[in-house]
Amino acid sequence: MSSLLQGVNLYLIGKMGVGKTTVGRLLAKELGYGFVDTDDVIAQATGKSINQIFAESGEAAFRQVESDVLAQVCAFTKLTIATGGGIILRRENWGYLHHGLIVWLDAPVELIYSRLAEDSTRPLLQDPDPKGKLRSLLEERIPLYSQADLRIPVGEGDTPEDIAKRVLEGIPSVLKKPVSH
Ligand code: S3P
């Protein structure tokens with residue numbers, strides 16, 4: 001599989017809490033790739049948690065750092081990259097994502113909500129109506145996530161290993177065919 005990919009990066013996109021980081025690590029191991037989580041790079045680069053950046057500087061400032069990090073990451077090859085759920089919002093980010101293969105991990109909102117109900121690390125869900133907020137975020141984002149090269153459905157009983165396997169099985173169908181002479 002890694003020879004088929006020829007070092008092309010895999011970008012995992014999808015809702016917060018869908019498992020991009022866990023699945024991304026597994027995929028990187030399987031492919032002999034490096035692993036990067038854009039939120040972790042942002043936290044390291046700024047010395048602040050994602051919550052802190054949102055609280056002190058606002059979402060727009062966070063999105064700018066997120067784009068800067070993505071621009072730097074996409075200069076490398078042989079990486080699996082777990083992105084933040086909102087990376088698809090900026091048009092310029094798509095220019096970077098399209099350097100690699102974009103994989104959408106797609107889980108139903110109920111599953112995401114049950115996983116994140118006790119979570120306090122997602123600033124966008126610090127809302128009086130977190131479920132409503134999640135639903136409206138998703139309605140706005142689904143047309144964007146749909147622009148991925150590959151959509152992988154994620155259901156309640158799926159383990160990260162199941163999901164990683166599904167991604168690996170799906171990749172050949174979306175790889176650009178080499179030009180034959
Ligand atoms: C966000 C998702 C988070 C993080 C930030 C904003 C979003 O990443 O980037 O809280 O807009 O959906 P995860 O998708 O890893 O939770």
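The values are calculated or read from the model by the stated rules, or taken from the named source; none is laboratory data. None of the values given here were measured: they were computed from a predicted structure. With ideal geometry, Cβ positions are generated from the backbone for all residues, glycine too; neighbour counts draw on all protein chains shown. Each accessible area value is taken on the protein alone, full model and side chains, heavy atoms only, with ligands, DNA and RNA left out. Shrake-Rupley method; radii C 1.70, N 1.55, O 1.52, S 1.80 Å.
Contact order, relative form, for the chain: 33 percent (alpha carbon pairs under 8 Å, 6 or more residues apart, mean separation divided by residue count).
Taking every lysine pair in the chain that is 8 or more places apart or spans two chains, those with Cα atoms closer than 15 Å amount to 6.
For Cα pairs less than 8 Å apart in space and 6+ apart in sequence, what is the mean separation divided by the residue count of region 15-112, i.e. the relative contact order in percent?
43 percent
Structural size metrics of the chain, computed from C-alpha coordinates, are Rg and Dmax of 16.1, 61 Å. Sequence-ordered 3J(HN,Hα) estimates for region 153-160 from the Karplus curve with 6.51, -1.76 and 1.60 and θ = phi - 60° stand at x, 10, x, 4, x, 6, 8, x Hz, glycine and proline given as x. Restricting the calculation to alpha carbons of region 8-75 gives Rg and Dmax of 12.9, 38 angstrom. Quick one: helix 130-145 against the long Cα principal axis of the chain, what's the angle to the nearest 10°, folded into 0 to 90? In the chain, helix 130-145 runs at an angle near 30 degrees to the longest axis.
Distance from the alpha carbon centroid of region 140-178 to that of region 5-26 works out to 9 angstrom. Highest mean first, the peptides 137-147, 3-13 sorted by other C-beta atoms within 10 Å per residue fall in the order 3-13, 137-147.
Taken about its Cα centre, region 2-172 carries a charge dipole of roughly 260 debye when the Cβ of each Lys and Arg holds +1 and the Cβ of each Asp and Glu holds -1. Surface exposure of the chain, expressed per residue as accessible area with a 1.4 Å probe, stands at 52 Å².
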